[in-house]
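In what follows, a structure is listed as structure tokens, so that the remarks can point back to it.
The values are calculated or read from the model by the stated rules, or taken from the named source; none is laboratory data. Just so you know, these numbers come straight off a predicted model, no measurement behind them. So basically every Cβ, Gly included, is an ideal-geometry build from the backbone, and we count neighbours across all protein chains shown.
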Amino acid sequence: WPKINSRITEQLVAFDHISSFQTWKEMEERLNCNKTFDQYNRRTLSSETEHWHNVLHRLVALTQTLAVQNLAFQATDRLYEPGNGNFLKFVELMGMFDGIMKEHLKKNKKQTNIQNELIDLLASKIRGKILFMTRPGKQDVNMVMEIQERFLAFAKLDDSSGEGMTEVLLQKLNEIGLPLTDMRGQGYDNRANMKGKNKGVQKRVPFFVPCNAHSLNLVLSDAAGCCTDTVNFFGVIQAIFVYFSTSTYRWDILLKHVGKSGLTVKQLFETRWESRVEAVRAIRYQVGEVYDALLSIADDATLTGTCGTKSHAEARSIAGKVLNFTFLCSLVVWHDILFEVNIASKTLQAVEFDLHEAIEQLAVNYWSDCSSASVLAIARELAESLGIQGRFSEEIQRKKTQFDYKARNEPVVNPEQSFKVNFFYQVVDTAIQSVRERFSQLQEHSKSFSVLYKIPELSSSSREVLFEQCTDLQSALMDGDSKDIDASELCDELMALARRVEPKASPKQVLVYICWNNMTSVFPNTFIALCILLTLSITVATAEHSFSKLKLIKTYLQSSMSQMRLVGLETISVEHDLAEAIRDFAAKKAREVL
């Protein structure tokens, strides 16, 4: 300390001190003028980020437009070359009129993978937002109760058995981050590998609801293949379409007879049952016009040569099948069946339709014992309009020599009785039996949740009966030892709610009442049960929307694209309303440049 003053003086004039002080002052001056290396790097990063943000605004809009419109993206990966695909060609177009894109193309001509990065990032952001929507959160008192269907991914399937499909499903759910224990009311179709009693996906992954639109399709498929006459009938319907549609000349003749405002013949599709309705309706109300068109072609002298002779022969052959009284009866029967099923199908696919209404719709019986008589009466009117007799052709029965005086199978000799037994009753009975089998699961679910459809009426019910119904619902929602609701608590909650909700309140109105009044903690079991009930899928037909998009996206130019990119494109195409990911990607690209 005695020499502290001299030491300080020496330090002030020391070279290291002066050099450090000078550096400090220079740094202070640069900081005040924003001229430091950090500031320079920060400004450069900000400038690059803004540049990429402007570029990506355009590229994301282009990517979304191509994906939503299901247009192919690429052919080659070079700019300004013929046939380089929609994406690069539109980028070139923007560069002609947009200064930002023009500058960008000068600097980044060799970046060929940006579209794939955009697709992957957009798809990833969309999936993340969808998964975020599935997380439990605080209920909004002003919430609008809305059930949404979202697309997440495709899964590669090597084993189409129930066990193989289950393993792929569970693995995919685990990768995505959706626990199966939190899933209720899953919807599957009713094919053999899905509904198997022991090894089907529905058996291995409960709690599920079969797709009723698909079940109706299978009911019709069962009925359509139950007897020879039915198979022959649809064969004639398809033959009529094929005959007219394969020639513009024959198609023009058909249009002249049915008129421009008439119904044109339609094609049958095995996987789209509604095509049967359209195909049969066109013949049912225009059978005379179709027959006249066939005769017109059969008698057309301008058709010569081998093709003309073949066309004449086919027209006469199909016309002869149309004049058959059995065909006319089949036409009436199947039109009535398909018409009624079409009403049921359209009703089942309505947005506001629920489980209870689906059961009521399917419980309607459209057929009675006297229906066959009305079918024959209408068929005779059609026969009269065609100028033929309204009766069945009698087949000559060949007598068989019997060693025993009793024949094991006595033939039905009355043609009308044979029609009723071998065709009409067989078709109707097959359809009814198929409905019972394929909709049995829906009946069970409706019975389990029936207590939730009459909550306003429960105030007059006895506690014993109500508790029994709540116990059944608790059992239906149990998975091993875990349960979603408690029967005793649910019983008390329902009795309390019955005194508070409006008379004739629907399950959805009750749920809105609970959420609107912020009473989810007061009625937790009722809230859970109603949420499960209202998310049970009556149909899952809209899920096929994703596959229709896939067929359009995967065109010839994209036949070699990777599976990951294809799934990304599909996600953007189906869930384009959730595609928002520009800022993150812009910052990422700017850091890569630096």
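For the range 399-407, the count of residues that are at pLDDT below 85 and surrounded by 17 or more Cβ atoms within 10 Å (Cβ to Cβ) is zero. Outside any loop (DSSP other than H, G, I, E, B) and modelled with pLDDT of 70 or more - does that describe any residue in the range 70-85? Yes: one or more hits.
Pull up the range 379-398, narrow it to residues that are surrounded by fewer than 15 Cβ atoms within 10 Å (Cβ to Cβ) and among the charged types (D, E, K, R), then point me to the one that is modelled with the lowest pLDDT. The selected residue is 398. Scan the range 445-472 for residues that are in contact (Cβ under 8 Å) with a residue 24 or more places away in the chain and assigned to a helix (DSSP H, G or I) and the total you get is 18.
Return only the number of the condition from (1) within 22 Å of residue 522 (Cα to Cα); (2) among the acidic types (Asp, Glu); (3) in contact (Cβ under 8 Å) with a residue 24 or more places away in the chain that residue 492 does not satisfy. All conditions are met except number (3). Each residue in the range 87-110 was checked for being surrounded by fewer than 15 Cβ atoms within 10 Å (Cβ to Cβ), modelled with pLDDT under 80 and farther than 16 Å from residue 54 by Cα, and 2 of them qualify. Restricting attention to the range 233-267 and to residues that are without any contact (Cβ under 8 Å) to a residue 12 or more places away in the chain and either of a type in the set (D, E, K, R) or under 17 Å from residue 337 (Cα atoms) (or both), the residue that is surrounded by the fewest Cβ atoms within 10 Å (Cβ to Cβ) turns out to be 260.
Residues that are surrounded by 10 or more Cβ atoms within 10 Å (Cβ to Cβ) and either aromatic (Phe, Trp, Tyr) or assigned to a helix (DSSP H, G or I) (or both) within the range 13-26 comprise 17, 18, 19, 20, 21, 22, 23, 24, 25, 26, listed in sequence order. The criterion of at least 1 residues that are closer than 22 Å to residue 323 by Cα and among the charged types (D, E, K, R) is met, among helices (runs of 4 or more DSSP H) falling completely within the range 208-305, by 228-245, 248-258, 274-284, 287-298.
Do we have residue 343 as assigned by TED's automatic domain parsing to the domain that holds residue 427 and modelled with pLDDT of 90 or more here? It is false that residue 343 is assigned by TED's automatic domain parsing to the domain that holds residue 427 and modelled with pLDDT of 90 or more. Looking only at the range 2-28, residues that are of a type in the set (D, E, K, R) and modelled with pLDDT of 75 or more come to 4 in all. Would a scan of the range 454-467 turn up a residue that is crowded, with 19+ Cβ neighbours inside 10 Å, more than 23 Å from residue 228 (Cα to Cα) and modelled with pLDDT under 80? No. The number of residues in the range 111-146 being at pLDDT below 70, of a type outside the set (Lys, Arg) and not in a helix (DSSP H, G or I) comes to 13.
Has the range 507-519 got at least one residue that is of a type in the set (Val, Ile, Thr), touching a residue at least 12 places away in the same chain (Cβ under 8 Å) and outside any helix (DSSP H, G or I)?
Our first condition is that a residue be of a type in the set (Val, Ile, Thr); within the range 507-519, this holds for 510, 512, 514.
Next, from what is left, pick out any that are touching a residue at least 12 places away in the same chain (Cβ under 8 Å): 510, 512, 514.
The next check asks that each one be outside any helix (DSSP H, G or I); those that pass are none.
No - not one qualifying residue is present in the range 507-519.
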